[in-house]
Structure formats: C-alpha cells, structure tokens
Amino acid sequence: MAYNPFLNFCQVLDRAARIVGMESSEYEILKHPERELKVALPIRMDDGKLEVFEGYRVQHSSQRGPCKGGVRFHPDVNIDEVKALAAWMTFKCAIVNIPYGGGKGGIKVDPSALSAGELERLTRRYTAQILPIIGPQQDIPAPDVGTNAQTMDWMMDTYSMMKGYAVPGVVTGKHIEIGGSLGRTEATGRGIMIITRLAAESHGLSAPAVAIQGAGNVGSISAKLISEVLGFKVVAISDVSGGIYKASGLDIPEILKFIGGKRLLKDYDAAEVRHITNEELLTSEADILIPAALENQITADIAAKLKAKIVIEAANGPTSADADEILSERGIEVYPDILSNAGGVVVSYFEWAQNLQSLYWEEADINRMLEKVMVRSYADVEKCSSEYGVSLRLGAYITALKRLTGAAKLRGIFP
Ligand code: NAD
C-alpha cells in the first residue's frame, strides 16, 4: 500500500492513547481535521497559456487557539500529506505549549520550474482562494518546503489589499521590513541545535559526528549552528542532487556559501570530500543523523542499516512507522519531529505576538525565550516518556494528547 502519512499519524495516536488508557471517544476528533479546503488555481503563464494548479488548506484543530502551519510548494503535495502535516502542527503547538491549533497548506507545483512572476501570481491567487478561512485570529500560514519570506510577503499583501489595511499578523516568516521577526529565519535550525546539544549531553557524547540530509532552510542553518555554536563535526550533508562526506568534518561556511550561489552539491568539490548517494548519507558513519528534507526518508530498509546512535528529526515525518520500530529495537534514540523542529513555530508565535501588539523585540531576547521553551518542552517530553517507559515519540504524543483532550473537555461540545 502507498505510504499515507495521515494514517501513520493516526496509528501513533492510537498507540499513545492505549498507553494512557484513553477511550477512543475521548480523542476520535483528532483523527478528523476540522476543515479541508481544495482550491483550483488558474494562472496565466509567461507564454500566454493558462495552467490550472491544485492547492489545499487543512485546519486540523483549533481547540487550543487559531490554526497555525506552513504552506508547501512541491510536486508531491496531496491531501493526505497536508492532513498529516496539519495534524503534526496541532501536536507540535501543544508540546511546546503555545496557544495555537494546527493547520497546513500546499500547492502541487514545482516552484523551480516557474518564473518569479508566475510564482507571484500563483501565490496571490492561492491566498485569495483560501482567504475566507485565514486571518490572524483564524489560521496563520508560514513558509515550508518550496516557500520563503517572499512568498509570505505576497500572501500578507494580498490579504491586506482585500481588507483595505495592513494585516501583518495573517502570516509569519515575512521579511523584517513588513513585520517579520528577528531570529525567525534561523529559528527551526536553532531549535534543532538546542535539541542536538541536549541529546548529545544525555548520551554522554562530547564531540559527536553529525550527518544532515537536506541543505535548505532547516538543514543549512542546523549545519551552521551545530558546527559554529556547538563545535560538533558535520561529516555529511546532502541536497536533492546527492550528498558529500568527509570523515574529518566538512567546511560548512564554505559549503553554505557555495549553496547560497544557487548551486547543487553534486558540483561541489574540495580535498578529501567524497560524493555519496542519498542512502549512503542516511547510513553514513556518524553519531547523530538529522533528516532535514522530506517525509518517509528513513524506511525499514534504511533503519536496519543505520549507523547513527541518535536521530534528530528536523523534517516532518521523516521516519516511517515500521522504521520507527526497528530503530527502537536497535536502541537508536529518535528525537521526534513534533518536538525537535518546533523552533520555527515558537518564533512564528513570537512574530505573531509582536504583530498583534505592534511592538518589536530584540533578537537576543527572542533567542533566549526560544531556548527556554525548547529546554522546557524537551524536559516535559522526557519526563512523560520515562513515566510511561516509552520512546520519546510516544512521550511527545502523550504530552500533546493530554493537553489537547484536556482543552476539549474544558470547552465541551458545541452545540
Ligand atoms: P527547503 O525547501 O528549504 O529545503 C529542502 C531541502 O531538501 C533542500 O536542500 C532540497 O534540495 C532537499 N531535498 C529535497 N528532496 C530531497 C531528496 N529526495 N533527497 C535529499 N534531499 C532532498 O525546506 P525546509 O524549510 O528546509 O524544510 C525541510 C523540512 O523541515 C520539511 O520536512 C519541513 O516540513 C520541515 N520543517 C521546516 C520548518 C521551517 O521553518 N522551514 C519548520 C519545521 C519543519
């Protein structure tokens, strides 16, 4: 059967609920997104022809606050993926205990095949189509794979034009000049760096070797901060074209400069650097593996061959359910996505709070608050997983499940 990330989510949810002895009626609602919107997006291409793209916005839960989650532009976007990503956002926001529910959106498109003008028209049409269900108090989009600050600027402008006044709080991840937050671009990578530090400490690793899959926003900033701030050796990194490996540690600043020039790693060359495949990257000689690309990368086959002792999930859903079991049997500790990559949504929350009060904060304060939230959330998850004697993933799910069902009980059922 084809991999279905939403079913994967529901399976883990059932396991977490069984462990705490929760009746299915108490959490059944979490298996059903509150709203699923599918939109058709006709776009005039540069050559004058009309193309119609397909887009989605899913609002999984608003029990704990407005829905929050990114927008993905990728050829593989489909409704089950968007539903899973939205549900993971609900759980992530509950784990880090910020007043949000979860949502996610996407367009089935290869953004690299579109001109800047075509991308802008597509983004604006998508925003107009989902406009009735988004807003600072309803649902707040952000960047994800294939989208960036420019995409958010266009979304904010389109929404504001329709309202007749500037509404910076409708999206997060915008440029600073129009209401973005200091520290937001680095936030997910910074959160990954904090979890990497805590994981290494808990495993008694003082100078671990780290392999990173993906060199986009999350992969490249994680690589930068892990090497610069923690002083750990990054031995492997990859992008869509393949990976590179150097046992004594890669020159990350030089590589990031290379990638910044819009070049692919297959064309990177330096002394002692070996080119490797995606599978070789995932199974490379490293203490810590950080998947930071797409979901379903660590399959059962890869899990059986993994050499790392620790996996820190920077991507959403990078490990399949069967792979998760193999890793657990092999004693490889997985720091789950819904905890590890939450830095982005935490600073998105700070950006939104700044927009709502029109008062902007210093970067040092933002980083300090992010550190506090990540350390506290890690402690909550670890405490829960040791209390029930389960993996960190189940500990994270149980922590979130209790907060979500607790909120639902307080609110009651309407009408
Ligand atoms: P991005 O588009 O900036 O980068 C994606 C990277 O993955 C690129 O380097 C790309 O070349 C690489 N890649 C794509 N397909 C690949 C493949 N088949 N094999 C190997 N590498 C491949 O995206 P991003 O924002 O860095 O997001 C990466 C992951 O992190 C996603 O799962 C996303 O949902 C998750 N995430 C992102 C944020 C955020 O703030 N950007 C926050 C939380 C989670």
| In segment 1-30, how many are touching a residue at least 40 places away in the same chain (Cβ under 8 Å), not hydroxyl-bearing (Ser, Thr, Tyr) and not in a helix (DSSP H, G or I)? | 3
| request: Can you confirm whether segment 217-229 contains a residue that is more than 21 Å from THR147 (Cα to Cα) and surrounded by fewer than 17 Cβ atoms within 10 Å (Cβ to Cβ)? | output: yes
| request: State all residues of segment 287-301 that are over 20 Å from LYS266 (Cα atoms) and open to solvent by 10 Å² or more (accessible area, probe 1.4 Å); if no residue qualifies, say none. | output: ASP287, GLU295, ASN296, THR299, ALA300, ASP301
| note | Every listed condition ((1) within 16 Å of the ligand (Cβ to nearest atom); (2) closer than 17 Å to ILE310 by Cβ) holds for SER181 save (2)
| Would segment 201-216 turn up any residue that is in a helix (DSSP H, G or I) and closer than 30 Å to SER377 by Cα? | yes
| task | Give the residue that is nearest to the ligand (Cβ to nearest atom), with candidates limited to residues of segment 308-354 that are of a type in the set (Asp, Glu), surrounded by fewer than 24 Cβ atoms within 10 Å (Cβ to Cβ) and assigned to a helix (DSSP H, G or I). | result | ASP337
| message | Kindly evaluate GLU382 against the criterion of being closer than 23 Å to LEU205 by Cα, touching a Gly at 6+ places or on another chain (Cβ under 8 Å) and open to solvent by 40 Å² or more (accessible area, probe 1.4 Å). | response | yes
| message | I want to confirm something. Restricting to segment 48-97 and keeping residues that are part of a loop (DSSP other than H, G, I, E, B) and within 15 Å of ASN341 (Cα to Cα), which single residue is least open to solvent (accessible area, probe 1.4 Å)? | response | VAL96
| note | Counting only residues in segment 253-266 that are more than 9 Å from the ligand (Cβ to nearest atom) and either without any contact (Cβ under 8 Å) to a residue 24 or more places away in the chain or under 22 Å from the mean Cα position of the chain (by Cα) (or both), the one surrounded by the most Cβ atoms within 10 Å (Cβ to Cβ) is identified as PHE258
| request: Output the qualifying pairs, or none if there are none: Cβ atoms under 9 angstrom, residues six or more apart or on different chains, first residue in segment 40-62 and at negative phi and modelled with pLDDT under 95, second residue hydroxyl-bearing (Ser, Thr, Tyr) and assigned to a strand (DSSP E or B). | output: none
| Test for LEU359: is it open to solvent by less than 10 Å² (accessible area, probe 1.4 Å) and at negative phi | no
| field | Unmet requirement for LYS246, which otherwise passes all of (1) within 16 Å of LEU265 (Cβ to Cβ); (2) within 12 Å of the ligand (Cβ to nearest atom); (3) open to solvent by 10 Å² or more (accessible area, probe 1.4 Å) | value | (2)
| said: Any residue in segment 74-103 that is in contact (Cβ under 8 Å) with a residue 40 or more places away in the chain sitting within a Cβ distance under 8 Å of a residue that is in a strand (DSSP E or B) and polar (S, T, N, Q)? List the pairs, counting only those 6 or more apart or interchain. | reply: ALA86/GLN59; ALA87/SER61; THR90/SER61; GLY101/GLN59; GLY101/SER61; GLY102/GLN59; GLY102/SER61; GLY103/GLN59
| request: With the condition kept exactly as written, say whether any residue in segment 339-358 is more than 19 Å from the chain's Cα centre (by Cα), among the hydrophobic types (A, V, I, L, M, F, W, C) and modelled with pLDDT of 95 or more. | output: yes
| request: Would you mind telling me which numbered condition in (1) within 24 Å of GLN150 (Cβ to Cβ); (2) not in a helix (DSSP H, G or I) GLN129 fails? | output: (2)
| task | Tell me, yes or no, whether segment 169-176 has at least one residue that is within 13 Å of the ligand (Cβ to nearest atom), surrounded by fewer than 20 Cβ atoms within 10 Å (Cβ to Cβ), modelled with pLDDT of 95 or more and within 27 Å of ALA215 (Cα to Cα). | result | no
| said: Take the residues in segment 178-198 that are of a type in the set (A, V, I, L, M, F, W, C) and more than 26 Å from ASN278 (Cα to Cα); name whichever of them is least open to solvent (accessible area, probe 1.4 Å). | reply: LEU198
| note | Inside segment 175-213, the number of residues satisfying the requirement of being more than 22 Å from VAL346 (Cα to Cα) and not charged (D, E, K, R) is 13
| task | Answer with yes or no whether GLU201 is more than 29 Å from LEU356 (Cβ to Cβ) and open to solvent by 10 Å² or more (accessible area, probe 1.4 Å). | result | yes
| remark: Note on segment 292-307: residues more than 8 Å from the ligand (Cβ to nearest atom) and either in a strand (DSSP E or B) or over 14 Å from the mean Cα position of the chain (by Cα) (or both) are ILE298, THR299, ALA300, ASP301, ILE302, ALA303, ALA304, LYS305, LEU306, LYS307
| note | Taking segment 294-322 and keeping only residues that are modelled with pLDDT of 95 or more and small (Gly, Ala, Ser), one is left with ALA300, ALA303, ALA304, ALA308, ALA314, ALA315
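The values are calculated or read from the model by the stated rules, or taken from the named source; none is laboratory data. These figures come from a predicted structure and were not determined experimentally. Positions of Cβ are generated from backbone atoms using ideal geometry, with glycine treated the same way; all protein chains shown enter the neighbour counts. Please note that ligands, DNA and RNA were not included when accessible areas were found on the heavy atoms of the full protein model with its side chains. Shrake-Rupley method; radii C 1.70, N 1.55, O 1.52, S 1.80 Å.
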